[in-house]
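**Q** Once you've had a glance at the structure underneath, I'll fire off some questions.
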Amino acid sequence: MIEERSAGAVIFSETPAGMIFLLLNYPSGHWDFVKGNIEEGETLRQTVVREIMEETGIFDVEFVNGFEDKIEYHYQRDGNMVHKEVVFFLAKTKTTDVKISHEHLGFVWLSFNDALKKLTYKNAQNILKKVKLGLKA
């Protein structure tokens with residue numbers, strides 16, 4: 001089995017109407033948070049900052065201390081089973097103008113309830129619920 005490790009972030013912005021969360025539409029059709037593989041020599045947070053810049057064009061992120069959580073899942077790639085672990089952080093931005101990369105089909109900023117409905121996978125929904133509850137992993 002192939003082992004793969006990634007890092008990502010639940011990105012939010014505060015607006016007069018309340019908090020909004022950024023979701024990306026991946027080529028397979030699912031909606032999820034920014035995430036990507038850790039490159040050699042990178043820390044988890046360095047990976048997250050790089051991935052946010054590459055995938056969204058957002059440069060002004062501020063990590064919210066105290067939130068770190070991880071998910072694990074399996075998938076098949078080229079006939080091989082892959083065990084993937086993704087560590088998520090919570091990051092705040094003032095930038096809502098997203099410049100989506102070629103890696104994604106689209107993006108959307110949504111309120112908590114709408115983001116919860118839009119997220120494709122249960123593990124991503126659980127991460128968002130933990131953010132809302134202010135739980136620390």
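The values are calculated or read from the model by the stated rules, or taken from the named source; none is laboratory data. Only a predicted model underlies this, so the values are computations on that prediction, with no experimental measurement involved. All Cβ positions, glycine included, derive from the backbone under ideal geometry; neighbour counts span all protein chains shown. Keep in mind that these areas ignore ligands, DNA and RNA; they rest on the heavy atoms of the full protein, side chains included. Shrake-Rupley method; radii C 1.70, N 1.55, O 1.52, S 1.80 Å.
**Q** Among 23, 47, 101, whose Cα sits farthest toward the positive end of the charge dipole of the chain (+1 at Cβ of Lys/Arg, -1 at Cβ of Asp/Glu, about the Cα centre)?
**A** Checking the options against the dipole of the chain, the answer is 23.
**Q** Tell me, what is the Rg over Rh of the range 56-137, with Rh the Kirkwood radius over Cα pairs?
**A** Working: Rg = 14.6 Å, Rh = 14.8 Å.
Using Cα coordinates only, the ratio equals 0.99.
**Q** Where the accessible area of the chain is counted over protein heavy atoms with a 1.4 Å probe, how much of it, in %, is carbon and sulfur? Can you show the working numbers first?
**A** Numbers: 3850 of 7490 Å².
Exposed carbon and sulfur together represent 51 percent of the surface.
**Q** Could you work out the equivalent-ellipsoid semi-axes for the range 82-124, taking the square root of 5 times each eigenvalue of the Cα gyration tensor, largest first, in whole Å?
**A** 20, 16, 13
**Q** How large is the Rg to Rh ratio of the range 1-44 when both quantities use alpha carbon positions and Rh follows Kirkwood? Don't skip to the end; give the middle numbers.
**A** Working: Rg = 14.1 Å, Rh = 12.7 Å.
Answer for the range 1-44: 1.10.
**Q** Related question: Would you please report the Å³ per residue occupied by the convex hull of the alpha carbon atoms in the chain?
**A** Considering the Cα atoms of the chain, their hull volume per residue is 113 Å³.
**Q** For the range 17-24, just list the computed ³J(HN,Hα) in residue order, Karplus coefficients 6.51, -1.76 and 1.60, θ = phi - 60°, integers in Hz, with x standing in for Gly and Pro.
**A** Calculated HN-Hα couplings, in order: 8, x, 6, 10, 10, 8, 10, 10 Hz.
**Q** Lys and Arg at +1, Asp and Glu at -1: add these up for the other residues within a Cβ distance under 15 Å of residue 52 and post the number. Walk me through the numbers before you get to the answer.
**A** On the way: positive: 35, 45, 50, 92, 94, 99; negative: 32, 39, 42, 51, 54, 55, 60, 62, 97, 103.
That sum, taken over residues with Cβ under 15 Å, equals -4.
**Q** Have a look at 42, 55, 68 and tell me which one the Gaussian network model of the chain (Cα, springs below 10 Å) gives the largest fluctuation.
**A** In the Gaussian network model the winner is 42.
**Q** Using +1 at the C-beta of Lys and Arg and -1 at the C-beta of Asp and Glu, which of 133, 11, 67 has the Cα lying farthest in the positive direction of the dipole of the chain?
**A** It is 133, whose Cα lies furthest towards the positive end.
**Q** How high is the relative contact order of the chain? Use alpha-carbon pairs under 8 Å, at least six apart in sequence, and give a whole percent. Intermediate results must be reported in sequence, preceding the final value.
**A** On the way: 274 pairs, mean separation 47.0, N = 137.
Over the chain, the number comes to 34 percent.
**Q** Hey, can you find the accessible area per residue of the chain for me, probe 1.4 Å, expressed in square angstrom? Mind showing how you got there, number by number?
**A** Details: 7490 Å² over 137 residues.
It amounts to 55 Å² per residue over the chain.
**Q** Only helical DSSP H runs with n ≥ 4 go in: add -39500 (n - 2.57) per run for the chain, normalise by residue count and round the 222 nm mean residue ellipticity to 500 deg cm²/dmol.
**A** Numbers: 3 runs with 32 residues, N = 137.
Value at 222 nm, helices only: -7000 deg cm²/dmol.
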